[in-house]
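This report refers to the structure that appears directly beneath it.
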Amino acid sequence: MLERFRRKRRNRAIVEHLYDGIVARARSPLFFEAGGLPDTVMGRFDALAVEMFLFLRRCGSEPALQPLAQDVVDRFMTDMDHSMREIGIGYMTVPKRMRKLAGLFYQRVRALGGPLDRADRDGLAAALQGEKLGGGDALSDAHIAFWTAHILDTSHLYAAIDRTEILAGRWPVDGNYPLTRQVSGRPGLWQAVL
């Protein structure tokens, strides 16, 4: 009986470590500076949504990671709920806003998933343009180029992470280390940093 509680506590710690790594990536200033997201609630939500999307794609490719991925999604939704309450959204309004945010998240997943599956850079750029990340005006072409490169490159880099690392709660991504950088002398062109 005690072993079950220890296992549950270990699993909670693993989920927290993974989620903390995803949040650290989403807080990278690069997403707001080069990526053009506004530093608003919706801009931060979209940065986190993109990182969650990439994490879920990595975990979705292996059945052994899917239960853990679901736990991380649950943690993400709990975090969104707590964040809304902290910024003063009323108790009666939170469930409605949560449905809206969850719908927005899964809309982004559907829109970006197809082009990413095909490694279709132009299709991904079009999907990003249609999604209006940040909740406001459409992003510029340079910002769309940044997000397209970031999503494609990061997806490839995450695919190389061994599942044992993920199952151990290690998400080997430093939030201050950009996975994507602009190519010198070529505005709008981005590449992965290995």
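Structure summary
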| quantity | calculated |
| --- | --- |
| Per-peptide average of other Cβ atoms within 10 Å, ordering 85-93, 108-116, 22-30 highest first | 22-30, 108-116, 85-93 |
| Virtual spin-label span in nm between Glu33 and Tyr106, 7 Å along Cα→Cβ | 3.7 nm |
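Bear in mind these aren't lab numbers, they're just calculated from the coordinates by the rules spelled out. What you see is a predicted model; the values in this text were computed from it and never measured. Cβ coordinates were reconstructed from backbone atoms using ideal geometry, including for glycine residues, and neighbour counts include every protein chain displayed.
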